[in-house]
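Below you'll find the structure, written out as structure tokens, and then a few comments.
Every number here is computed from the coordinates shown, using simple stated rules; none is lab data. Remember, it's a predicted structure, so these values are computed and weren't measured experimentally. With ideal geometry, Cβ positions are generated from the backbone for all residues, glycine too; neighbour counts draw on all protein chains shown.
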Amino acid sequence: MTKKTLFKITFANQEAIYEIYARSIKESEMFGFLEVEELVFGEQTALVVDPSEERLKMEFNNVKRTYIPMHSIFRIDEVTKQGTAKVKDNLGYGNKVSPFPGTGKTKE
């Protein structure tokens, strides 16, 4: 029995960090993109449902192949065991910008 290769891809998309699992990745014919096929999600055997994995299942429902820009990829790992696919909202500095304190008066 042959073992199928499994990859974990971590990338940024629309201010969120995605971690997905796929069986096939390759350089795309579109310059600067990575082609990801055969997305793998966990089986629905547990009573507890992970909301981030369900969000991914809904987003990638009926997707045969997806193209990810190379500049948004953080890391690609070849793994032996599948983990849980997840989406984390990026809580970086983008949400922490606040105006400099002032007198409250505006110039007219």
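The local environment of Q14, defined by Cβ-Cβ distances under 14 Å, has a net charge of -1 under the rule Lys, Arg +1 and Asp, Glu -1. Annotation: amide H of G42 within the under-5 Å range of A85, sequence separation 5 or more or interchain, hydrogens built in the peptide plane. Look at the Cα gyration tensor of region 6-90: its axes a ≥ b ≥ c give a/c of at least 1.5 with a/b over b/c, and that counts as prolate. What is the sum of charges, Lys and Arg at +1 and Asp and Glu at -1, for the other residues whose Cβ falls under 15 Å from the Cβ of R75? Summing Lys and Arg as +1 and Asp and Glu as -1 gives 0.
Dipole check for region 6-90: with +1 at the C-beta of Lys and Arg, -1 at the C-beta of Asp and Glu, and the Cα centre as origin, the magnitude is about 80 Debye. Summing +1 for each Lys or Arg and -1 for each Asp or Glu among the other residues whose beta-carbon sits under 14 angstrom from that of E27 gives -1.
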